[in-house]
1. Which ones in the stretch 78-96 are part of a helix (DSSP H, G or I) and in contact (Cβ under 8 Å) with a residue 24 or more places away in the chain?
2. Are any of the residues in the stretch 118-137 at pLDDT 90 or above and either assigned to a loop (DSSP other than H, G, I, E, B) or among the aromatic types (Phe, Trp, Tyr) (or both)?
3. Counting only residues that are surrounded by fewer than 18 Cβ atoms within 10 Å (Cβ to Cβ), touching a Pro at 6+ places or on another chain (Cβ under 7 Å) and more than 16 Å from Arg100 (Cα to Cα), how many does the stretch 12-51 have?
4. Mind listing whichever residues of the stretch 50-77 are over 8 Å from the mean Cα position of the chain (by Cα), assigned to a helix (DSSP H, G or I) and without any contact (Cβ under 8 Å) to a residue 60 or more places away in the chain?
5. What are the pairs, 6+ residues apart or on separate chains, where a residue within the stretch 32-47 that is more than 17 Å from Pro116 (Cβ to Cβ) has its Cβ under 7 Å from a residue that is assigned to a loop (DSSP other than H, G, I, E, B) and of a type in the set (A, V, I, L, M)?
6. Collect the residues in the stretch 1-25 that are assigned to a strand (DSSP E or B), hydrophobic (A, V, I, L, M, F, W, C) and touching a helix residue (DSSP H, G or I) at 6+ places or on another chain (Cβ under 7 Å), keeping them in residue-number order.
7. Might you check whether a residue that is under 14 Å from Ala96 (Cα atoms) and either modelled with pLDDT of 95 or more or out of contact with any strand residue (DSSP E or B) (no Cβ under 7 Å at 6 or more places or on another chain) (or both) occurs anywhere in the stretch 52-67?
8. Criterion first (at pLDDT 90 or above and closer than 19 Å to Ile39 by Cβ) does Leu115 satisfy it?
Amino acid sequence: MEYCLLSPAQLIPTEEVNLDSVDELQAKILQARSWTAPITAEKDALFVMDGHHRLTVAHRLRLSAVPVVLLDYDSVRVESWRPGETITPAEIFEMARSGRKFPYKTTRHIFTHGLPICDVPLELLCKPASSEMAPACAAGALS
């Protein structure tokens, strides 16, 4: 299983995030100057399975690319973090298509084959997709 690099703008979030956790994660990523865990996304619809906090960090930093593992529900089991609640892939697809988001910590994806690790320098993820550099990268957010 490998990861690819995709624009954060291509990925569709399906769950809210905890902003304190986003702040902590952003600080860790900036300190390491490296992206070490890929986001997982459904391979056809590109909605996020796991990595909503990382996706939020990528948008904040205006990265042009992030490591993403593309999967389908043949190799991923889904359940709810919330006791007594069930969640199905069909409900996740419906939420992704609606533009709404589940509350924080609703979906839990379990990856049968584990996930690859990565170590991608942030400067590679800041490389502009066009001739204009992303403002956060240009402004020295990674300095």
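1. Ile92, Phe93, Met95, Ala96, listed by residue number.
2. Residues of the stretch 118-137 at pLDDT 90 or above: 118-125.
From what is left, the residues that are either assigned to a loop (DSSP other than H, G, I, E, B) or among the aromatic types (Phe, Trp, Tyr) (or both) are 118-119.
The answer is yes, given that some residue of the stretch 118-137 is at pLDDT 90 or above and either assigned to a loop (DSSP other than H, G, I, E, B) or among the aromatic types (Phe, Trp, Tyr) (or both).
3. Result for the stretch 12-51: 2.
4. Scanning the stretch 50-77 gives Val57, His59.
5. Arg33/Leu142; Leu46/Leu11
6. Ile12
7. Of the stretch 52-67, the ones under 14 Å from Ala96 (Cα atoms) are 52.
Now narrow it down to the ones that are either modelled with pLDDT of 95 or more or out of contact with any strand residue (DSSP E or B) (no Cβ under 7 Å at 6 or more places or on another chain) (or both): 52.
Yes, the conditions are met somewhere in the stretch 52-67.
8. The answer is no for Leu115.
The values are calculated or read from the model by the stated rules, or taken from the named source; none is laboratory data. Only a predicted model underlies this, so the values are computations on that prediction, with no experimental measurement involved. Backbone-built Cβ (ideal geometry, glycine too); neighbour counts: all protein chains shown.
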